[in-house]
Amino acid sequence: MSSCTFRPAVPGDEGLILSFIRALADYEKMSGQVVATPELLREWLFEKQKAEVIFALAEGREVGFALFFHNFSTFLGRAGVYLEDLFVLPEERGKGYGKALLKELALIAVERGCGRLEWACLDWNRPSIDFYTKRMYAVPMDEWTVYRLTGETLLEAAQPE
């Protein structure tokens, strides 16, 4: 790996962030689900500050990104960091940038006093699962299933009885 540095996203990076999101969606075969726009990213990342993005840079060029936010563990009694997305450009994979991004997120979590760093991974994504478990020593949460309400089901759930 050439020298890797990091920088937080700033207003004006919305297009770059969206390009990483679209590339990740392509990789995950979920391109049709991306409805984010630069305007939405500006609002939620920079105005409402509901999530953060860091970029991995190689020779001054963004080669990967991680989007994360804080969650909270009632059992630990403190916040954690939830990694929503991590993506390294295909031509830059295998050079250590993914590991560097995870290590940077772990450092952020430790510096902020967080109790854990968590993320989800698609069951079919064997290369990522192997990386997380064999190179980062992450532990899968086998006894947990993620549930989701979105779109119409979210709207229906929000309606009074």
Worksheet, complete the sentence: Of Arg116, Arg78, Arg135, the only residue that is over 21 Å from Ala9 (Cα atoms), surrounded by 12 or more Cβ atoms within 10 Å (Cβ to Cβ), basic (Lys, Arg) and over 19 Å from the mean Cα position of the chain (by Cα) is Arg78
Worksheet item: Do we find that Ile108 is within 13 Å of Phe68 (Cα to Cα) and of a type in the set (Val, Ile, Thr) in this structure?
Response: yes
Worksheet entry | the stretch 95-110 residues that are without any contact (Cβ under 8 Å) to a residue 60 or more places away in the chain and closer than 12 Å to Cys4 by Cα, paired with ones that are of a type in the set (A, V, I, L, M, F, W, C) and in a helix (DSSP H, G or I) (beta carbon under 9 Å, 6 or more apart) | Gly98/Phe131; Lys99/Phe131
Discussion item. If Thr133 satisfies all but one of (1) of a type outside the set (A, V, I, L, M); (2) touching a residue at least 12 places away in the same chain (Cβ under 8 Å); (3) part of a helix (DSSP H, G or I), what's the number of the condition it fails?
Written reply: (2)
Worksheet item: Can you pull out the residues in the stretch 16-43 that are exposed (fewer than 11 other Cβ atoms within 10 Å of the Cβ) and free of Cβ contacts under 8 Å to residues at least 24 places away in the same chain?
Response: Lys29, Gly32, Gln33, Val35
Discussion item. Checking the condition farther than 15 Å from Glu104 by Cα and part of a strand (DSSP E or B), which residue from Phe6, Phe72 passes?
Written reply: Phe72
Worksheet item: Restricting attention to the stretch 137-161, which residues are under 21 Å from Gly80 (Cβ atoms) and in contact with a helix residue (DSSP H, G or I) (Cβ under 6 Å, 6 or more places away or on another chain)?
Response: Ala138
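The numbers here are math on the coordinates, done by the rules we state, and not lab data. Quick caveat: nothing in here was measured; it's all calculated off a predicted structure. In this analysis, Cβ positions are derived from the backbone assuming ideal geometry, glycine residues included, and neighbour counts consider all displayed protein chains.
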